[in-house]
Amino acid sequence: MRPALRWLRARADDVAVLLLTAMFVAFIVQITSRYVFNHPLGWTLEVCVTMWLWAVMWGSAFCLSNDDHVRFDMLYHAVGQRTRRVFAGICALAIVIALASALPATWDFVSFLTIKKSAVLRIPLAYIFGIYLVFMVAAIAMYGHRLVRVLKGPAETEDVEHEAAR
């Protein structure tokens, strides 16, 4: 299973690279158009903003591991092993509950955005903001998996802490 997960992670990284490349190319086209030809293009801004949104959400969902995210863990590291398990379980459960409870309303809002289009490229906003739904589902799965590992016991918690130390 590990080689398959590594392959999937590499492909997710490839998608992130493509998103950032598209954003960079649109940025260079805008700079060239504006300052060389004195003819600014409106679509490049939309492409840059959309690619940035997608890159951030995609990267957070599929490219970053748990230890890559910013966290405030001074209290976590100041307590014992058992309390760390409790903290890790409570945090994972809170994230899963919060995102899962927000999922239906988010789905409704993104579905509503199918009637609205972007200003220049006329892309339905649901396509632009739909990546947030992907992020939510991936985060629910990731923290649900973490919660299961924490609940399994101390050996699993040590694995979770070992991942955080890497």
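The values are calculated or read from the model by the stated rules, or taken from the named source; none is laboratory data. Please read all numbers here as calculations on a predicted model, not as lab measurements. Positions of Cβ are backbone-derived with ideal geometry, glycine not excepted, and every protein chain shown enters the neighbour counts. Just so you know, the surface numbers come from the protein's heavy atoms only, side chains and all, with ligands and any DNA or RNA stripped out. Shrake-Rupley method; radii C 1.70, N 1.55, O 1.52, S 1.80 Å.
A few points about this structure:
- Selection status of His39, over 23 Å from Gly144 (Cα atoms) and not aliphatic (A, V, I, L, M): yes
- Scope region 28-42; condition assigned to a helix (DSSP H, G or I), surrounded by fewer than 16 Cβ atoms within 10 Å (Cβ to Cβ) and touching a residue at least 12 places away in the same chain (Cβ under 8 Å); matching residues: Val29
- Of the set (1) within 21 Å of Tyr127 (Cβ to Cβ); (2) open to solvent by 90 Å² or more (accessible area, probe 1.4 Å); (3) under 20 Å from the mean Cα position of the chain (by Cα), all apply to Arg6 but (1).
- Selected residue (criterion: nearest to Cys91 (Cα to Cα)) from residues of region 43-79 that are part of a loop (DSSP other than H, G, I, E, B) and of a type in the set (A, V, I, L, M, F, W, C): Phe72
- Within region 43-78, being over 22 Å from the mean Cα position of the chain (by Cα), modelled with pLDDT of 85 or more and either within 24 Å of Gly144 (Cβ to Cβ) or open to solvent by 40 Å² or more (accessible area, probe 1.4 Å) (or both) holds for Trp43, Ala78.
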